[in-house]
């Protein structure tokens, strides 16, 4: 899997860890346990006891500790073994790997890379479940496919003209016109005017409903899609000469669609999604209307992407051919590859200078040296 | 998989592509889409769009074209990309691999080898669903086993004495007497008299029912089984000194059993079968009687062959030991190996002379050179 | 798989082969057919016909013979082919591998190693279904995990303090105190006093119920667990200075728990279990009480061990870290490795001197030389 490690991955919903029951998740094929201590502190460990590799997600939160419920080893929040029942001496080096973890916008984010590089400032500006100005709907969907193919789907919205005609009645303009694609430091921005459409880029049922829609989204590393769509009076796009609307004010957004795509295993991925409607522009009604159609749209994506994966699986030496619609796909994946190369280079440097890097897999010994 | 490529494989029933909805099938583990244009022309493409490898079988027939419903690329009947929505320039080289396809006897046949070698004269003389003189029943059955083990089952009918006693009450004569086996250009012929049996080689319920049955079948590359069974007055076989009956006239056949065995993936196979009764010798009654027992017989074959496959799967370095009953099996598999060797030799020659061969997998570039 | 071959593996229940219908089982990933002749003689063959590798477990017992029901080959009890229908000459060398088989204590045991080393004296002293003094309950449970992890679970009962609190209300003393572990010739013995507990090591509901429990078990190669638990008056352990009770008489046992762990495939295992209560100490009531809770306890083991396996499967280069509770685990696995090394050495010796060893997989030819 070619995925950036120095990035925040959405691993779960905040509400999933309210119960102080540890939560087992999978990110980049690594088993991770997320748990909340009695005082509410969140922690993320590799989900395997150092003793017999039993999953700690089958364990029990005990105050500020987590106990493995196979043979009873107990860990403090830093991952150190503090109790082995029936044994007095506990080597100080016994500990599980911990992951930096953050809770923001209703999502629990886990940093999969070097601990020292974990910067909460890199968490994208999601309009979260807890945003005061928005009414949100949310859900999640699992794909039997590589996460990158789900991301690629979101990076080229020309597909909505064909794949989503049945569910969303989308116009062919999504495919006929090319959006403006701009590289960002940690992603790409993709924006376009859709002239004379119904709201949100569907074909208008009658002429009176036609508007100009301005669609703009950022797609951030590792796979966070943040889109806003605003409807303007017909003619606005031309009046603005195709430039973005000047009042691109977050509070004015009519419709916000957000997804975080997380690789679970090599060939499974989870989409966490939040659909938000501004209180002053549709609110709960708009949210409900959106949430009524979203599962149908995503089911179409899922069917196509999983079918694509099955074809790829029987195509040795497969490759894609890019069209001009793939500019976002190409730029984003080029960025991912660059970041992965840089991580790999840093990791080699670190090895030669004795500075440790959090790699994949069991690295108890290496971590203990520097721990 | 050691299978002949220069051969017609049954991929589907004719009726399956009546609706102009593209049909995704698998042959030799290659995903293939079969579709019928508005004017009724049948085409078979590799089932993956050149762009993102989405299956074209999820696409839409549009007149004489086929559109991929992921990002909207459109292909003409020769496999060439004729439209990329939103993009003016389309490289002439963009095309999917096509397969020669034929529709005959109610089956859709796909040629998996070199296009120039595709000769419809090689389609075996099936008594098809559309034959004026026969009343047919048909069905299909999938095996979780390599196609060759299903073929081997049909090439040695000594098994019917043991495997099918429960369903068909078959006599031990099938196993006790050896049929005459003759090599053919594209297969083997296997024929034998069964003396003093009930109709079709079952044990006769009482002496008055006893007849002599002449059973004769051809097994053609890649896996087409065409069998006829005729019942004669008791004593005919001896009167003929064991020679075939002189009136071996297709119109006189009492019972016709036909199967096409197609490898879907490495370890799955599909049997397409047609059971035919002559209008003058049993007709619909005979067909119905046959179709009532056939599913039971084939269920016995399927259980045994899939169990055999599971044993083989846990037997490294496995090998079969041939008995004298395996003459048909041995001759047919020797023929297959010879044909495969010849294909392989031709393919090497072709490479060195620049002539292209249709191999497996994605071969866009190579095909484009010669396309 | 690192498992001892020169050992008796429980393959089935005696009652499973009462019907003279051959029984297909899997041991160490080898398919084995167990069948009983008309005169009651038990035999165990590799479960694949020499002809087409069809499983003989789909065959038919015919007197003292076993017939393959694919093409009708017939085998005598020594594994030799004695009939090929329709063929006069049968090479004397045609035979399937046979396994030494024994029937004892209600279990059918198969010896997986060198035939000449098969010694029924090595079958552990199980209190079997047929024991006159005990009332038994029994069952079996399949694990999607390597057999050795199931064995390890039984070799370190400190886990019962944590894993089985819900089902059995077990005391923490199982984990807080270390048992005495003694090496045996073919296993380990693990014994301990549990002071002031309820019967069988559960927490006592009230003080009046408290007893001292003496728990003692042997764990034999390849994976046979034989445990007895006796309840004594509170204070007995201290009065005996922690020494075993002098009346360690099999007839006096209050509670006997026995399991045989058999590797079916590389990552599946079966537990055959017999729970026995002495007629004079609880009898059927005690048996019923035990059998009511055992499935809950084993379900907890199964959930944990299968979860452990899934974690191990995604942990390249995984290793366990032993605590002081792992003494039994460590000693037993060291013994297994020693025995495997010795087998491997003997096998090399044998090869160089021409003496044959029964290895894994199809070894017809090698066996035939020495057969």
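Each value in this text was obtained by applying a stated rule to the coordinates, not by laboratory testing. Computed from a predicted model, the values in this text were never measured in an experiment. A quick note on method: Cβ atoms are made from the backbone with ideal geometry, for glycine too, and the neighbour counts reach across all protein chains shown.
One table, with the values for the structure above:
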| quantity | calculated |
| --- | --- |
| Ranking of B:206, B:156, B:230, C:142 by count of other Cβ atoms within 10 Å, fewest first | B:206, C:142, B:230, B:156 |
| Choice from A:213, A:150, A:82 with maximal GNM fluctuation in chain A (Cα, 10 Å cutoff) | A:82 |
| Among A:54, A:239, A:11, residue whose mean-square fluctuation peaks in a GNM of chain A (springs only between Cα atoms under 10 Å) | A:239 |
| Descending semi-axes in Å of segment C:134-329, equivalent ellipsoid built from Cα gyration tensor | 28, 19, 16 |
| Average projected area [Cα convex hull, segment A:233-354], square nanometres | 13.2 |
| For chain B: relative contact order, % (alpha-carbon pairs under 8 angstrom, 6 or more apart) | 18 |
| Peptide-level mean, for B:72-83, of C-beta atoms on other protein chains within 10 Å | 1 |
| Efficiency of FRET from Cβ geometry, residue A:142 and residue A:345, R₀ 35 Å, rounded to 0.05 | 0.55 |
| Inter-chain Cβ neighbour average for residues C:305-313, partner chain, 10 Å | 5 |
| Helix-only mean residue ellipticity at 222 nm for the protein assembly as shown, each DSSP H run of n ≥ 4 adding -39500 (n - 2.57), per residue, nearest 500 | -7500 deg cm²/dmol |
| Taking B:255, C:332 and counting other C-beta atoms within 10 Å, the order from fewest to most | B:255, C:332 |
| At 7 Å out from Cα toward Cβ: residue B:78 inter-copy label distances (nm, ascending) | 7.3, 7.3 |
| At 7 Å out from Cα toward Cβ: residue B:322 inter-copy label distances (nm, ascending) | 5.6, 5.6 |
| Candidates A:52, A:186, A:95: whichever shows maximal mean-square fluctuation once chain A is modelled as a Gaussian network with Cα springs under 10 Å | A:52 |
| Of every Cα-Cα pair in segment B:111-241, the percent that sits beyond 24 Å | 40 |
| Residue order, fewest to most beta carbons within 10 Å, for C:273, C:70 | C:273, C:70 |
| nm² value of the averaged projected area, convex hull over the Cα atoms of the protein assembly as shown | 55.2 |
| Ascending list, in nanometres, of distances separating the residue B:291 label from those of the other copies (7 Å, Cα toward Cβ) | 5.1, 5.1 |
| Bins of 5 Å, starting at 0 and running to the largest distance - Cα pair percent for segment A:8-122 | 2, 12, 24, 24, 19, 11, 4, 2, 0 |
| Kirkwood Rh and Cα Rg combined as Rg over Rh, evaluated for chain C | 1.02 |
